[in-house]
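Before we start, here is the structure in question, set down as structure tokens.
The values are calculated or read from the model by the stated rules, or taken from the named source; none is laboratory data. Everything quoted here is computed from the prediction, not taken from an experiment. Cβ: placed from backbone, ideal geometry, glycine included. Neighbour counts: every protein chain shown. Areas reflect the complete protein model, heavy atoms only, side chains present, ligands, DNA and RNA absent. Shrake-Rupley method; radii C 1.70, N 1.55, O 1.52, S 1.80 Å.
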Amino acid sequence: MQQDAGPPPVRNWDPETDDTLVCRAVRDETQDVKTFVFAPRHPCLFRFKPGQFITLELPIGGETIHRSYTVSSSAARPHRLSITVKRVPGGPVSNWLHDHLKPGDTIRAVGPLGEFTPGVSEAPRKFLFLSGGSGITPLMSMTRTFDDLGDDHDIIFVHAARTPADIVFRRELDALTGPGRHLRVAHVCEEVGGEAHWAGFTGRLSLPMLGLIAPDFKDREVFVCGPGPFMKAVRAFLEEGGFDMSRYHQESFNFEEMAAVLAAGAPPPMAAPILDMPSPTGFRVEFAKSGKVFTCPPDMPVADAASAADIRVPTSCSQGLCGTCKTRLIAGTVEMNHTGGIRKREIDQGLILLCCSRPTSDLVIER
């Protein structure tokens, strides 16, 4: 008796060939945080590690802007992928996503990519997750994935927020602490806000407070994500507390913070005069749109030389990983050593990553 062959297997999402996501849902998490749920344009499965990120390619203000966001959904649910985004004053991309992206819209994306992940282990491990604000997203993806897979890891999850109303995923995290699970959650708020009967920790996360929440923190592997000052403070008090920093991992994409700083204090963007700056120690680099010109030594990434010349270039990972600084090379040649933030067909189309490209001739760059 001949049996039916059955439906063909669903293929996996291939970042080299797939680049269009369809927004399936937009969910309010707090007053200024939304989750955007995406599916592939054609049926396929996302295969990623919890803690990885995707880079969105967004048409904003007549330009194409690249921004990376860590995935907040479970890696064990491959049919959908979500990011969770906090609105940032002056942040052009987060505000655009909040105000414009709706179910049914399509956007282009690269990834998932990234090395900020706990990896896979059959043996139970002890983790300490420390997050501030929207830095909760990669740690939430790890927690959701462990729970979906039934992994028996011992996790203490500490999340810092401004007020109880600003705690992202509060109800879900508390629900995941139920019977049979090895997850403990502690919320830390700077202020009680409108929740007069707040029973959690109040103030800023500190070493004495961490000692109360996780007395065995020295025995754990620590993953940290949040704003720059939060991670700097955490790193400092962990070192003060004698933590073995070889088991410390952190990640943050801070371009929205930079955009906010620019919006608050920097002069408005305007075309600068082209300056003739020949130099025997480097190559001439011209940004065609802004008209800015600077010199880049042959052993220095273009983004670093731009920064040294006080020219702001949106960058984040500085390792050729996230794709934030992707732009078109109009003329000249570079040596580019990237780590996955750009696809071969994009390179063939003349795109480069400024953070990992060193000039081998004078350059004209579309920026």
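Given the options ALA161, ALA123, ALA165, name the one that is more than 13 Å from SER74 (Cα to Cα), free of Cβ contacts under 8 Å to residues at least 12 places away in the same chain and among the aliphatic types (A, V, I, L, M).
Exactly one of ALA161, ALA123, ALA165 is more than 13 Å from SER74 (Cα to Cα), free of Cβ contacts under 8 Å to residues at least 12 places away in the same chain and among the aliphatic types (A, V, I, L, M), namely ALA123.
Determine which member of the set VAL120, VAL88, VAL110 is assigned to a strand (DSSP E or B) and farther than 14 Å from PHE223 by Cβ.
VAL110
Still on this structure, I have one more. Kindly list the number of the only condition in (1) at pLDDT 95 or above; (2) open to solvent by 20 Å² or more (accessible area, probe 1.4 Å); (3) of a type in the set (Val, Ile, Thr) that fails for ILE65.
(1)
Six or more apart or on different chains, Cβ under 8 Å: which pairs go from a residue in the stretch 7-18 that's under 21 Å from LEU113 (Cα atoms) to one that's basic (Lys, Arg) and open to solvent by 80 Å² or more (accessible area, probe 1.4 Å)? Could you list them?
Here the result reads ASN12/ARG47; TRP13/ARG47; GLU16/LYS344; ASP18/ARG41, each pair linking the stretch 7-18 to a residue that is basic (Lys, Arg) and open to solvent by 80 Å² or more (accessible area, probe 1.4 Å).
I've got another one for you. What number of residues in the stretch 304-338 are under 21 Å from the mean Cα position of the chain (by Cα) and either among the polar types (S, T, N, Q) or farther than 15 Å from GLU366 by Cβ (or both)?
Result for the stretch 304-338: 15.
Can you pull out the residues in the stretch 323-367 that are farther than 20 Å from SER290 by Cα, open to solvent by 60 Å² or more (accessible area, probe 1.4 Å) and of a type in the set (Asp, Glu)?
Within the stretch 323-367, GLU335, ASP348 qualify.
Could I ask something else about it? Residues PHE48, PHE53: which one is among the aromatic types (Phe, Trp, Tyr) and in contact with a helix residue (DSSP H, G or I) (Cβ under 8 Å, 6 or more places away or on another chain)?
The unique qualifying residue is PHE53.
Return yes when ASP147 is touching a residue at least 24 places away in the same chain (Cβ under 8 Å) and open to solvent by 30 Å² or more (accessible area, probe 1.4 Å) and no when it is not.
Yes; evaluated as a whole, the condition is true for this residue.
Among the residues of the stretch 3-52, what is the count of those that are modelled with pLDDT under 90 and within 19 Å of the chain's Cα centre (by Cα)?
Total satisfying the criteria: 2.
What are the residues in the stretch 302-322 that are in a loop (DSSP other than H, G, I, E, B) and either open to solvent by less than 10 Å² (accessible area, probe 1.4 Å) or closer than 24 Å to ASP19 by Cβ (or both), if any?
VAL313, PRO314, THR315, SER316, CYS317, SER318, GLN319, GLY320, LEU321, CYS322
Can you tell me which residues in the stretch 69-81 are surrounded by fewer than 24 Cβ atoms within 10 Å (Cβ to Cβ) and touching a Phe, Trp or Tyr at 6+ places or on another chain (Cβ under 8 Å)?
ALA75, PRO78, HIS79, ARG80
Something else now. Mind listing whichever residues of the stretch 187-205 are farther than 16 Å from ARG170 by Cα and crowded, with 16+ Cβ neighbours inside 10 Å?
Within the stretch 187-205, just LEU205 meets the criteria.
Looking at ASP28, ASP99, which is the one that is surrounded by fewer than 17 Cβ atoms within 10 Å (Cβ to Cβ) and closer than 25 Å to VAL224 by Cα?
So the residue among ASP28, ASP99 that is surrounded by fewer than 17 Cβ atoms within 10 Å (Cβ to Cβ) and closer than 25 Å to VAL224 by Cα is ASP28.
Given GLY135, GLY104, GLY180, which one is farther than 21 Å from HIS249 by Cα and either assigned to a helix (DSSP H, G or I) or modelled with pLDDT of 95 or more (or both)?
Exactly one residue qualifies, and that residue is GLY104.
Residue check, GLU115 against (1) at pLDDT 95 or above; (2) within 21 Å of the chain's Cα centre (by Cα); (3) of a type outside the set (S, T, N, Q); (4) over 16 Å from GLY226 (Cα atoms), all met but one. Which one?
With respect to (1) at pLDDT 95 or above; (2) within 21 Å of the chain's Cα centre (by Cα); (3) of a type outside the set (S, T, N, Q); (4) over 16 Å from GLY226 (Cα atoms), GLU115 is out only on (1).
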